[in-house]
Protein chains: 2
Amino acid sequence: MRRDPFQAIADPTRRSILVLLAVQAMTPGALATHFDTSRQAISKHLRILSECELVRTVPHGREVEYSLRPERMQEIDRWLDQFKRLWQQRFEQLDEVLTTLKKERS
Amino acid sequence: MRRDPFQAIADPTRRSILVLLAVQAMTPGALATHFDTSRQAISKHLRILSECELVRTVPHGREVEYSLRPERMQEIDRWLDQFKRLWQQRFEQLDEVLTTLKKERS
DNA sequence: AAAATCTGCAACCAAACGGTTGCATATATG
DNA sequence: CATATATGCAACCGTTTGGTTGCAGATTTT
């Protein structure tokens, strides 16, 4: 069973859950109202996000509040870093083409 | 069949392929030597990366050169953007705690 | 105390995933 | 021309995934 943030954000429902929790902490029940699936399915997703340490839980009586733990998300960002140079490069190339065109026109 | 960059980078082998191609373009055969799986398995991964438009192919005779298309990777980066503010915030909070401790000590 | 509510677990199921092997096609080499 | 090499497709297989339903435990509410 793979349990890393890359696998966690592969599912669109889990991505939506993370976005919702980025706005405000919520209980599983409240989260489930935003989706077209059963409450239990959302619970399963929360379990996975929990195991990936992307969310944190605080019990309040019979309710459980889930909130975002953005730290672990940085792992994805750090992995992307090695490609940012490349797409930056493409922008610069485009820039160059544009300035060349500008020069030619004038 | 989901075909988006999030699902593409969920698999560790595909992530490694992308990293290798970020360094230099390669043929499927050359790529396969870096992994402990069959050439066909790598071919399958390349097909998926192709469908996600994360790689581009240029035929050279009987060989095919695969190279990275970093543009599409930006989609992931853009999605991450909405969380960057949050983890930045955490750093600032830590910063605050540290300066408070420093003040107390002096 | 009884009923209602919130949550998570277990069992089950169809579909997708990641791998394998065998084969067909196209190109390069002897 | 015959052989070797590079690639991709198809069929198959065990495991994982994402969903369902039913149920049990804990906490509120009445």
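The values are calculated or read from the model by the stated rules, or taken from the named source; none is laboratory data. Because the structure is a prediction, the values reported are computed rather than measured. No Cβ is skipped: glycine too gets one built from the backbone with ideal geometry, and neighbour counts run over all protein chains shown. SASA here: full protein model, heavy atoms, side chains in, ligands and nucleic acids out. Shrake-Rupley method; radii C 1.70, N 1.55, O 1.52, S 1.80 Å.
Among the conditions (1) in contact with a Ser or Thr (Cβ under 6 Å, 6 or more places away or on another chain); (2) surrounded by fewer than 16 Cβ atoms within 10 Å (Cβ to Cβ), the only one that A:PRO12 does not satisfy is (1).
What are the pairs, 6+ residues apart or on separate chains, where a residue within the range B:1-21 that is more than 11 Å from DNA strand C (Cβ to nearest atom) has its Cβ under 6 Å from a residue that is open to solvent by 30 Å² or more (accessible area, probe 1.4 Å)? Listed by first residue and then by second, the contacts come to B:PRO5/B:ARG72; B:PRO5/B:GLU75.
For the range B:54-68, filtered to residues that are open to solvent by less than 70 Å² (accessible area, probe 1.4 Å) and in contact with a helix residue (DSSP H, G or I) (Cβ under 9 Å, 6 or more places away or on another chain), the residue that is nearest to the other protein chains (Cβ to nearest Cβ) is B:LEU68.
Of the residues making up the range B:1-33, just one is more than 14 Å from DNA strand D (Cβ to nearest atom), more than 9 Å from chain A (Cβ to nearest Cβ) and of a type in the set (Gly, Ala, Ser), namely B:SER16. Just wondering, is there one or more residues in the range A:37-50 that are away from DNA strand C (no atom under 13 Å from the Cβ) and either assigned to a helix (DSSP H, G or I) or open to solvent by 70 Å² or more (accessible area, probe 1.4 Å) (or both)? No, the range A:37-50 contains no residue that is away from DNA strand C (no atom under 13 Å from the Cβ) and either assigned to a helix (DSSP H, G or I) or open to solvent by 70 Å² or more (accessible area, probe 1.4 Å) (or both). If we scan the range B:82-95, do we find a residue that is of a type in the set (Lys, Arg) and at pLDDT 95 or above? No; the residues of the range B:82-95 include none that is of a type in the set (Lys, Arg) and at pLDDT 95 or above.
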